[in-house]
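To keep things clear, I will list the structure first and then write my remarks on it.
FYI, it's all coordinate maths here, none of it is from the lab. These numbers were taken from a predicted model, which means no experiment stands behind them. For neighbour counting, all protein chains shown are included, and Cβ atoms are generated from backbone atoms with ideal geometry for every residue, glycine included.
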C-alpha cells in the first residue's frame, strides 16, 4: 500500500524531471537554430578599406556587465554618428566563459567580442578572434595605443585584439586619516616600505573600524591587480615571456609578502574582512573612509573625488625600492572568427581607436583612455589627480599567459592560496614551492 | 489465389486456436509498443542519449572552446584522478551529506509527528513549515547570502549582540562558518518538504493498528518504536534516498553562497565538474569523466538504499 504510493510518487517526479529536461533541451535546440547562419561565405578582408565599411549594417557586440558604463558610452556615440548600428549585449561577469564557450560550439558568437584582458590569450589561442594584423598595423596611431591589450591578443606574431577599456590600479590614501596620524597628507608612499609604515601609522590611531590598509584576500583577480604592480615597479617579471612559468619567489616578492604579513599581524593593520574578501565589495571600505592607504582602480577613484566626505591622495603604485608601475587591466576587443560583417565591425574598432573617439568616449567621462596622446592632453578640465593615474599607463603591464585564469583569477587558484598562506597562514610554507604550484598550472 | 489465401486464413483462424491467439498476441504486442512508444522515445532522447553523449565526451579530448577533437581514453580519467582537489571535494561532499541527512531526517520526522493530527493551529503550522519549499533553491540561497552579508545582513549584528561573534567578520569567511551557514539554509529550505513526505507515510498507517496497541496496553514510546517506526520504514528509506542523493549532488547553494571558498574548503564534487567545464580547465572531457564517475557512484549508493527499501516492504 505504502509502496505503491511511493513508486507512484517517484514516477511522478521522474515525469517532472523529464518535462524539465525537455524544456531545457528545447531551449538549447532553439539556440542552435537561431544561430545557424550561412557560414563559410565570409567577405574578403583583404579588399576592405582601412577604415572599414559604414553601410547601415547591424553589428552585434558582447561585453561584460562591470564595464557597462564605458561600453554604453562607446556604442551610443558610435550609433549616433554612423550608419552602422551596434547592438550591445552585456554578460554577467561570472557567465562570460560559459556563454562564449556555448556560442563557439553553436556558431553563435557576436561580430565583436570584448573580454577581460587576462582571458584574451586563451581565447586567441583557441581561435575565437579573427587575425587583424594587417589592419592593426595600418592604424595611423598604432604606436600611440597602450600596447598591453594588443600584446595579450598576439599569437605567433599575429595580432587579434585592440584595447577597449583600460582600467589601471593606483595607490590612494585618505588625507584626513593621514593628518590625524601625524603623516604628511600630501606625501603618499614612494616605496613599498613607506606604504607599510604609513599604513601602520594609521592603524596606530586605534580608532574603531579604521584600518591601515585593505586587501581582497579571496579574489585572485583583485590580488594581481593590486600586488603585481609592486613587483613590476621593482623591476621584477612575475611571469616568463611565454606565460608558462611563474617567478613569484624572488627576494622582492618575499619582501612584499613579509610586509603584508607584518600589517596583518598589526592590530587594525589590514581592515576587517581582508582575508575573506571575495572581490565583490573590496573597494567599499576605502570609500567609507575607514582605510588609510591601499591600491585602487583608477576609474573607481575618479568618481570619489567629489562624492567622498574626505580628501583623497593619488600616487603610482611603488616598487619595493622605488620605481612604480600599474596593472593595465580592463577589456580588450576583437572581431570574432565567425563574423559575417567584418568590414563593418572593423569600422567600429578603427573609429574607437581614433583620438577623437577616445576623447569623447573616455576622457570626457573621466575614464582612462587607451591612447597616450589623449591620456597626456585630453584631461585638461579633469581633476589633476586623474592625470597622475594617466601618466602611469606608459609604465604599465599586462600579465600574459594562456592559463592565466586558472592559475590566478579563478576562485581558489594556486595564486590565491599562495597569498593566503604567505600573509595569513599559521606556518607559511616556502615561497618557491607555492610558486611551483602556479607554474604547474601555467605550464599545462 | 487471393481468395484461396483468404479462405485459408479464415479457416485457420476458425480452427487453429493457438494460431489465433498468436496473432492476437502479436497485435496486442504491437499495440503495447505503440502505447509505450511516447515514453520510450522520451526516455531515449532525454535520458539515454545524454548519457551516451557524456560517456563519449569523457573518452574524448573535448574542450569548451575547441569542441570535440577525437578520442583519448583514458586520459580524462587519469587527469581527474591526478587532481589534488578531487580528494578534498569527495571528503567535503560526504561530510555535508552526513550532516544534512542526520539533521533533516529526525527533524522532518519530529515535525511530521507534531502537525499530523488536525488541531487548531496545525494547518497554520504546516503551511508555515512548508512555505520555504515553494522557494527555488537558488532564490533561497540568494536570500541567505543577503542575510549573512556583513554589510547589509542582520545576522552579524544579532550574533555580535549575543556576544559570540565579531560584527566586522564575515560568517561565510571561515570554512566552518561557510559549511554551517549552508547547512542552516538547506535545513530551512527542505525540512517542510520532507515533513510532508513523512506525514503521508504516517497517515497511511491504519488507525486500528494503533487501537490494537492501545488495547494491549502499549504506551506512547512503545507505540512509536514498535508500530510507527517499523511501519514507516519504506517512507524513511525513500526520504533518505532523496536526501542523500540530493546532498551528494549539491551545487546551487554552494555556487551562490561560497563559490567553493574560502580557500576551496566547501568544494563539492558537482562544483568541481562545473569548474572543470567552465572555470579552470575549460575541458568538457574532464568534466564528463568526473560526471561519469559520479553517476557510477550514485548507482551503487542507490542500489544499496533500494535494497533497504525492499527489505522494508518485505517486513510489511
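Brief remarks follow.
- With all projection directions averaged, the alpha carbon convex hull of segment A:52-162 covers 7.4 nm².
- In terms of its C-alpha gyration tensor, segment A:103-249 comes out prolate, because a/c is 1.5 or above and the ratio a/b outweighs b/c.
- An ellipsoid equivalent to segment A:308-387, defined through the eigenvalues of its Cα gyration tensor, has semi-axes of 31, 17, 11 Å when rounded to whole angstrom and sorted largest first.
- Short to long, the 5 Å bins of the Cα pair-distance histogram for segment B:85-199 hold 2, 11, 16, 18, 16, 17, 12, 5, 2, 0, 0 percent of all pairs.
- The protein assembly as shown: equivalent-ellipsoid semi-axes (sqrt of 5 x gyration tensor eigenvalues, Cα, Å): 56, 39, 22
- Residue exposure proxy: A:192, B:73, ordered by other Cβ atoms within 10 angstrom of their Cβ from fewest to most, comes out as B:73, A:192.
- Percent of C-alpha pairs per 10 Å bin, segment A:224-377, short to long: 9, 27, 33, 22, 9, 1
- The spacing between segment A:216-264 and segment B:243-316, judged by their C-alpha centroids, is 36 Å.
- Cα centroid of segment A:87-143 to Cα centroid of segment B:103-152, whole Å: 46 Å
- Computed over chain B, the per-residue total of -39500 (n - 2.57) for DSSP H runs of n ≥ 4 gives a 222 nm mean residue ellipticity of -23500 deg cm²/dmol, rounded to 500.
- Cα centroid of segment A:154-202 to Cα centroid of segment A:286-327, whole Å: 5 Å
- Diffusion of segment A:341-391 by Stokes-Einstein, at 4 °C in a medium of 1.567 mPa s and with Rh set to the Kirkwood radius over alpha-carbon pairs, works out to 114 µm²/s.
- Taking one quarter of the surface of the convex hull spanned by the alpha-carbon atoms of chain A gives a direction-averaged projected area of 26.5 nm².
- Cα gyration tensor shape of segment A:164-211, rounded if a/c is under 1.5, else prolate or oblate by comparing a/b with b/c: prolate
- Relative contact order of chain B, pairs being alpha-carbon contacts under 8 Å that are 6 or more residues apart, as %: 26 percent
- Kirkwood-based Rg to Rh ratio, segment B:124-258, C-alpha trace: 1.13
- Overall form of segment A:58-118 per C-alpha gyration tensor (a/c, 1.5; a/b vs b/c): oblate
- Nearest-ten-degree value, helix B:175-203 long axis tilted from longest Cα axis of chain B: 50 degrees
- Note on segment B:43-100: along the principal axes its Cα atoms extend 39, 32, 20 Å, ordered by decreasing extent.
- Most simply put, the protein assembly as shown has about 70% antiparallel DSSP beta bridges, counting only bridges with both residues inside it.
- Mean projected area in nm² (Cα convex hull; one quarter of hull surface) for segment B:76-315: 16.1 nm²
- Taken residue by residue and averaged, Cβ atoms of other chains lying within 10 Å of the Cβ of B:273-281 number 5.
- Against chain B, whose longest principal axis comes from its Cα atoms, helix B:137-148 is set at around 0 degrees.
- With a 10 Å cut-off around each Cβ of B:257-267, the average count of Cβ atoms from other chains is 4.
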